[in-house]
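Worksheet: the structure to be examined is printed underneath.
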Amino acid sequence: MSPEMKIAENFIQASQAEEEVERFLKAFLPGTEFSNKVHAVGGYVRDQYLRLLKNDPKIEAKDLDIVVEMKDGAEKFTKYIYDKLEEKESVSQPRQLGKGYPIWQITFKENIKYKNEFYKTKGAVVEFADTMKESYPDSESRQRKTEPGTLKDDIERRDFTVNQMLKDLTTGEFKDFTGVSKEDISKGVLRGHPNVPLDNMFNNDPLRMIRLLRFQAKYDWDIPMAVLRAVKRNAERINIVSSERIMGELEKIMNLGKLNKAIKLMSATGLLKHILPEVEALKGVKQREDYHSEGDVYRHTLMVLKNAPAGVENQIAALLHDVGKPATTKLIEDKITSKGHEDVGADMAEAIMKRLKFDNDTTERVKKMVKNHMRAHSLGRASGPKAIRKFVRDMGDELIDAVLYLAEADELGKIPATHDIPDLRKRIDEIRKETPKIVKEPVLNGTEIMDFLKIPTGTEVGRAKKFLIDLEDDYADKGKTLTKEDAKKELMKEFSKKASIADMLRKISAIFS
């Protein structure tokens, strides 16, 4: 099973486990002091209602969040569950998430049995919170102040009406205190609670502006103009949100393969210049019309993004692949050129990703993709096997396909589109299957080279390794495998020739000194 399939399977199992927790609570709650006081809320309820509307069993409901309408209700209820379950090892002891904050968590470590009924709850991680109302006393941060509240108070503090539905876990009834949540889910509309001013909603918690984009990208739902105008008025507030939180939302969008749509909305609402000013700077940067009649670099980038595969690395590399063009674009003899933009862009991509707090491995991979995307284009149909072998070796098995996907999206993201990468991919596949295989290390290691040439460690050893790698490619072109004996013979010839040239230069220098 591939890693992607394993992740998908784990996701489905976790989702099913959470719905099993709901089924358990429906049997557990009646007759207790918590009856009709415990409700599911948020995305879990939204997706369940959406599944019901569309009659589509494939829609998974996940991230079960529960509110308890009672003073200290989350603590009391989670401890009550733990006390009543006979097999204590099947669940974790309730723990509070954050000192002084009324959210408690239970992890279902195993399936559970209750009143002779079996529930497949293993893997579910469920959060329980008191119903609250909140305020934001510090205008320079997202730190909030909470106090006990009613169910209606709790709903009003949440982001969008599609996420403001409740489900009574005692009866299974869907409750819509906003009066519009069911309709908005049905019609696909993203807006705030009717009783909460839009400016307050985005000003208090600016991350909601990015969440708005994510929901639009995921569900293709409509955003009313009043909401878009409110985002535009409050766009500058995004600067108080941590890079980690912004990155978290962007990663979800990229995993959907919908960054193209999100960037368009970020541009329209004024968010782009605050989050990714380097992408904003692509607007108006001209390109050669014979290669790029689609328009400026920004328009080209959006087209590349549309053709790029889903996934964080694929999407962000597509977004940043030409980010070096504003600094390198020049008009020379009436022709627009952006020579070296991939090198400048690679360094800029690294800086951008560090600013957004991406991990080092992802940052390095994307930097390498940006730096080498033009190299895939330049190989072309005329390149020989040796050049292709070197390209594959330099990229590595783990990155070669990603670079080819980027280069192909780049080809398709312009007018007129070109279609050279499929041929290059075919030639690479053929060469990968050939014998001898593409090598990453020379046939002689560093110690063997030093012993044979009688040289110390240093740059000469590195030069010898490079010579041997190139030599192996030459041999491969002829269908031969470079042996250690052949390597030593060729290495001796090469270094004897270099030594002779160096000696001659020293003698010439001595004559004229």
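Using only side-chain charges placed at the Cβ, +1 for Lys and Arg and -1 for Asp and Glu, the dipole size of region 137-270 relative to its Cα centre rounds to 440 debye. Rounding to the nearest 10 and keeping the result within 0 to 90°, find how far the Cα-based axis of helix 484-512 lies from the longest principal axis of the chain. Tilt relative to the chain: about 60 degrees. With runs of 4+ DSSP H residues as the only contributors, calculate the mean residue ellipticity of the chain at 222 nm using -39,500 (n - 2.57) per run, divided by the residue total and rounded to the nearest 500. Taken over the chain, the calculation gives -17000 deg cm²/dmol. For region 142-203 and region 336-414, what is the separation of their C-alpha centers, rounded to whole Å? After rounding, the separation between the Cα centres reads 44 Å. Rounded to the nearest 20 debye, what is the charge dipole size of the chain about its Cα centre when +1 sits on each Lys and Arg Cβ and -1 on each Asp and Glu Cβ? Using only the charged Cβ atoms, the result is roughly 940 debye.
Rounded to the nearest 20, the Cβ-based charge dipole of region 52-107 about its Cα centre (Lys and Arg +1, Asp and Glu -1) stands at 140 debye. Atom-type composition of the exposed protein surface of region 441-483 places 57 percent of the accessible area on carbon and sulfur (1.4 angstrom probe). Between helix 297-307 and the chain there is an angle of about 70 degrees, using the helix long axis and the longest principal axis of the Cα atoms.
The angle between the Cα long axis of helix 207-219 and the longest principal axis of the Cα atoms of the chain comes to about 80 degrees, rounded to the nearest 10. Taking a ≥ b ≥ c as the square roots of the eigenvalues of the alpha carbon gyration tensor, the chain is prolate, as a/c is not under 1.5 and a/b beats b/c. Shape class for region 225-344: prolate, because the ratio a/c of the largest to smallest gyration tensor axis (alpha-carbon atoms, square roots of eigenvalues) is 1.5 or more and a/b beats b/c. With an a/c value of 1.5 or above and a/b larger than b/c for the gyration tensor axes a ≥ b ≥ c computed over the alpha-carbon atoms, region 448-497 is described as prolate. Please name whichever of Leu52, Ala40, Leu25 sits farthest to the positive end of the charge dipole of region 16-85, dipole taken about the Cα centre and charges placed at Cβ: Lys and Arg +1, Asp and Glu -1. The residue sitting most towards the positive pole is Leu52.
The values are calculated or read from the model by the stated rules, or taken from the named source; none is laboratory data. None of the values given here were measured: they were computed from a predicted structure. Neighbour counts run over all protein chains shown; Cβ positions are idealised from the backbone, glycine included. Ligands, DNA and RNA are excluded from the accessible area calculation, which covers all protein heavy atoms including side chains. Shrake-Rupley method; radii C 1.70, N 1.55, O 1.52, S 1.80 Å.
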